[in-house]
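Here is the structure we will look at.
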Amino acid sequence: MSDAVSALNGARYEGFATIEDQGLSGMITLRGDLASKDLRAAVKSATGLGIPAQRQALTGKGTAALWMSPDELLLLCPYAEVTERLAAIEAALKGQHFLAQNVSDARALLRISGAGARETLAKLCPVDLAPEAFTPGMLRRTRMAQIPAAFWLNNEGAFHLICFRSVADYAFNLLKASARPGGEVGLYA
Amino acid sequence: MSTRLARGGRLLDKGRVLHFSFNGKRLKGHPGDTLASALLANDQMLVGRSFKYHRPRGIVASGAEEPNALVHLGTGARLEPNQRVTTTELFDGLTCTSQNHWPSLEFDIGAVNTHLARFLPAGFYYKMFIHPRPFWKHVYEPFIRRSAGLGRATNPGDPDRYEHFYFFCDVAVIGGGVAGLQSALAAAEAGAKVLLIEQTAHWGGRAPVDHNVDGGEIDGAPVDAWITATLAKLQDMPNVTLRLRCMGAGVYDHGYLLGYERVSDHAPGTDAPRHRLWRIRAGQIVTATGAIERPLSFAGNDIPGVMLASAIRDYAVDYGVSIGDRTVVVTNNDDAYRTAITLKKFGLEIPAILDARQSGGGALADEARALGIRVENGKGIAKVMGGKRVTGVALCAQAGEGAVLEEIRCDAVAMSGGWSPVVHLWSHCGGKLLWDAAQAQFRPDPANPPRGAQGEAFVIAAGAANGASDLAATLSDADAAGKTAAAATGHKPKSTKAPTATATPEAALEPVWLMPQGAGITLRMKSWLDYQNDVKVSDVQLAAREGYESVEHAKRYTTLGMATDQGKLSNINGLAILSDALGQPIPQTGTTTFRPPYTPISFSAIAGAARGEIFQPLRKTPLHAWHEANGAHWEPVGQWRRPYCYPKGEESHRDAVNREITQTRTRLGLLDASTLGKIIVKGPDAGRFLDMLYTNVMSSLKPGRCRYGLMCNENGFLMDDGVVARLDEETFLCHTTTGGAEGVHGHMEDWLQCEWWDWKVYTANVTEQYAQIAVVGPKARETLAKLTNADLGNDALPFMGWADLTLAGLPVRAYRISFSGELSYEIAVPASLGRALWDALLEAGAEHGVTPYGTEGLHVMRAEKGFIMIGDETDGTVIPQDLGLGWAISRKKADYLGKRAQERSHMADPNRWKLVGLETLDGSVLPDGAYATAPGHNANGQRKTQGRVTSSYYSPTLGKGIAMGLVHNGPDRMGDMLDFPKVDGGIVKARIVDPVFYDKDGEKQNV
């Protein structure tokens, strides 16, 4: 819909890492038995992906399957396609006990990239972001300063981060302050 | 006088000159100088005045243990008080001033205190300022506040920036001297991930100073060379991180270590953060923190020019600074001879070495004598001559009472009472100490290390910090520590040997806690323990006599060790005096508690980046920008910001609120209700689950319908309320209060995961998925009808129903619920479309004078209708039955959370205060929280009460003040009059009335 706006509305900052609002993304919270065949089929039909393991992010073309908890996944897809993908899930799990909710508008999605991306996040999140400790495909639900956030690393060395929509401004400003030139820690760059 | 030497200065770049100023004097130094070495090079020994007696204070040490030389560093917004000159790196343009004197450093009026010393001993504060009692507030306290402290507090508004950094490693080594370097190497060679931090700007510690003079070598090479080579090895290893200017500030549970990095203190004016706080999680921590030399306690040991022996040689070797042309050395151990030998080789004079030991020293003493230095055994200093600077010393026999044998002219005194291992970081998290009598020091007790969650040791002390007595012992101890740390984190140490070192054997030290041994009171009153707080030997002895026998009590009574240096030079000397006064061995006295930080760290570093816009995460709804642009007066609701009202022009808040209410009740209002919690509860057992969580029956709610529910906690108290909507057979949407959203969701998950784990229910917190806008007032339906083709009639969408529709082309869900008592629709729309919907509603409602209203209008309107508010009518002790909400409590249900609790006698007591309305006789607004008094007084002598106000407002609808409150037997006493005393002494009379002030039959929400 042309009227739909993300919380950060395309904001971008270039410091020793680049922080970019990724705009609106389709997001589906899926809760169910992650070991079940039917749930596997539901995720496959909605994203083309398998079931991620603990602290894993699987990514595909325009989609992602993110592990959230032992019985919860967050599925990403193009914003305009959420309704049909949600329907696919509901069809695959019909008659079973599951929860699939459209939460596409509840979050902000940010991309943190560049040589300083690891250090930028390491200033804010109690996570080991050393290159040997946080590798592509890893996902962490954690705290970013004073808010809950989750991030994952893709094969191009860029981090994607999600936080709740209401604190998007705070999240962006945190990352801006972290990535401000002059503040390079000199470890991971 | 102190001066720069032609030779020496291994840390300096003598090719460049830096300019700085002290008390307005323009002076010069070199890169590599500390402010201390630069001041001394310019013969500026006097740097401050002590706290109580305002005695002249000079530089005593060369490192973080410095108690005296504290200055105001910088100016304006960057002014920082109490900065140690010994740990301040010199930079071009540095400006500083001395502290705690008036009118000047040289001529300080406060020095009169020193002449009143007899009347101002320890304990003076307690005895003097306690009587007469009334004097405290207006005489003593202001006086103490004016004289307290040393430096001046700075202006607010720190212009620099600060940050944190999270770091993880297997082994964190604190201290970059030879012990730290070897520990790090041993651990890294085993494959562990190692962090090595050093608080100063250079690696190698004090070994180069100590062993360049005594020919000490490591693996057959000079100490310098070994340090350079080891550093190179460490720098080459990818699993090693090295960090200078980073102090280990504190050790905490689970291997948590704080590192305080002074990123740009030495290079102001760059873009870098000023300080960075490293928040480190380590598998093992090695404290290679070295040892600190102790002063000796003799009369006049505080006169500027009396310094730690090791510091004097540090200044010579590292900074090329001579403290004095003629230096007398006084010692109880062999190490201080290194200072005499060093200075002699620089061409300076040593009139005498006074060795308190009757049998004198060992090989180093022989070497001193061979250099032609006079060495006197069994001798000590009776007193030091001089006021603002040492002019000489008077010798005596250490075994005697201080009879002067001889006076020696000198301008510096190098004292050494032995060495205290730096045990602070070991002790922070439970490590215990043992008293090593042979070395007269407390050192880490290896049998009682700090332990982790499984009881495993997680801190290892290494080197001098562990009591190692010479270079060889230090290196082998450090090597073992590194290997142990690596093994403990799952790595296999290499079977290498520790470096070997040649060590000059030293004769045993003799503890000397008072010089001379039999010093009388006159001398003991001038023998200083704590230089900053002015605590003398006689003070600690006084404390013991007055019954302050515990070392913790003696500390507080005398203030020994309570200054900004945290007792680094005074604690051990002080507790030794205390032990002697009590006639008990030192280990029985023990030490006071060591607390982080090791040295003071800036508050700004602790706060990190959390200031200004990112001080706290303000939560904003999708309509936030509109509210801001339209003059909203904000109210904090938790971390959300909600509009309280929208004043127009010069309107007061009260007028704005009244206008918003009136417009809404007569025509049309809009409220941003996005912050309310929305939780999806889905599954075959969802109905059963909600029946347990709410007092009502929710399982009987039909799809398409809504029901107002009350949620009590296990103890029966009302904790949240909200409208539940049934979306389909298995799915409910529960609304919660704004503040309760996360808590209720957590409450639901808690019960599902821990108690009813076999029930088939999933929850999801979708609060942020939807913007929610309340369209309220007689014109609500007409306005919505302009935006949709859907049937909005009373049959299609009745009160307490909901429907999915398209509004202004947007997919919405309309809940026909009312918190105001008017015709009302709460419209939920995906948050990204929230602003679009709001704009469309404003446009459609313009013809009806649509009026956005805020939280205050919301509160008043619900109060006019007698609707309760969680947090106003509830306070954690109120149950639904108190609030006339018995109708919401199912009698059919076998159980729900709170049911049994509400059967307890206190809960069923008819004397519990109950909800009523309150109407003042004069129409005024009852003060919030006011109590209704009853005749008589209770057992505490307080007036009896029979009710209290829970909500109180001005109602523009009724033209008078209205209130709700809890009153004893309230519902049975309609019409009774109550007295409410005000804080200004007046009394407001109010009548008990029905809490529903407006539209009693609830017709308006049903139209």
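Coordinate-derived values only; no laboratory data. Nothing here was measured: the structure is a model prediction, and the numbers come from that model. So basically every Cβ, Gly included, is an ideal-geometry build from the backbone, and we count neighbours across all protein chains shown.
Brief remarks on what is shown
- Straightening the chain between B:I521 and B:R595 buys 23.3 nm, computed as 0.36 nm per residue apart minus the Cα-Cα spacing.
- Label-point separation in nm, B:T391 to B:E510, each point 7 Å along Cα→Cβ: 3.2
- Between the C-alpha center of segment A:94-171 and that of segment B:856-916 there is a gap of 42 Å.
- Shielding score for B:116-122, defined as the mean number of other chain Cβ atoms within 10 Å: 0
- Residue by residue along B:822-833, Cβ atoms of other protein chains within 10 Å of the local Cβ number 3 on average.
- Packing-based ranking, highest mean first, of B:921-931, B:288-298, B:683-693, B:821-831 given that Cβ atoms within 10 Å are counted: B:288-298, B:821-831, B:683-693, B:921-931
- Among the chymotrypsin sites (Phe, Trp or Tyr not before Pro) within segment B:590-633, those in coil by DSSP and having at most 13 neighbouring Cβ atoms inside 10 Å are B:F615.
- The Cα center of segment B:307-322 and the Cα center of segment A:1-67 differ in position by 63 Å.
- Structure note, pairs B:K127/B:K555; B:K865/B:K914; B:K52/B:K127; B:K233/B:K483; B:K379/B:K568: Cα-Cα distances above 23 angstrom occur for B:K379/B:K568.
- Förster radius 51 Å - calculated FRET efficiency between A:A91 and A:E14 (Cβ-Cβ, nearest 0.05): 0.70
- Straight-line cross-link reach from A:K94 at under 16 Å between alpha-carbon atoms covers these lysines, not counting any fewer than eight positions away in the same chain: A:K37, A:K44, B:K682, B:K760.
- Under 16 Å from B:K779, Cα to Cα: lysines that are on another chain or at least 8 residues apart: B:K1004
- Selection of GluC sites (Glu not before Pro), segment B:688-748, meeting DSSP coil and at most 15 other Cβ within 10 Å: B:E714, B:E729
- Summary of the geometry: segment B:102-177 and segment B:676-725, compared by the centres of their Cα atoms, lie 58 Å apart.
- Measuring r between the beta carbons of B:E613 and B:A846 and using R0 = 41 Å, the FRET efficiency lands at 0.75.
- Theoretical gain in end-to-end length, B:K960 to B:K1000 [0.36 nm per residue, Cα-Cα removed]: 12.7 nm
- Calculated on C-alpha atoms, the gyration radius of segment A:52-119 divided by its Kirkwood radius gives an Rg/Rh of 1.02.
- From the largest down, the protein assembly as shown spans 114, 76, 56 angstrom on the principal axes of its Cα atoms.
- Cβ-derived FRET efficiency at R0 35 Å, B:A363 paired with B:T496, nearest 0.05: 0.70
- Remark: chain B is approximated by an ellipsoid whose semi-axes, taken from the C-alpha gyration tensor as √(5λ), come to 73, 33, 28 Å, largest first.
- Amide H contacts under 5 Å for B:E293: B:S420, restricted to partners 5 or more places along the chain or on a different chain, H placed in the peptide plane at 1.01 Å from N.
- In loop segments of segment A:1-82 as defined by DSSP, the trypsin sites (Lys or Arg not before Pro) with at most 10 further C-beta atoms inside 10 Å of their C-beta are A:K61.
- Backbone HN-Hα couplings from phi across segment B:700-712 [Karplus 6.51/-1.76/1.60, Hz, Gly and Pro as x]: 8, 5, 8, x, x, 10, 10, 8, 6, x, 10, 10, 10
- Tilt relative to chain A, helix A:168-178 - C-alpha long axis, 0 to 90 degrees, to 10: 40
- Take each residue of peptide A:112-122, count the partner chain Cβ atoms within 10 Å of its Cβ, and average: the result is 1.
- Reachable aspartates and glutamates from B:K28, criterion Cα separation under 15 angstrom, eight or more residues apart if same chain: B:D13, B:D43, B:E89, B:D92
- Taking label points 7 Å from Cα along the Cα-to-Cβ direction, B:T788 and B:Q584 give a separation of 8.0 nm.
- Peptide packing for B:935-944, B:352-361, B:85-94 was compared via the average number of neighbouring C-beta atoms within 10 Å per residue; ordered from the highest value, the list is B:352-361, B:85-94, B:935-944.
- Gain in span if fully extended, B:A796 to B:K944, counting 0.36 nm per residue against the direct Cα distance: 47.9 nm
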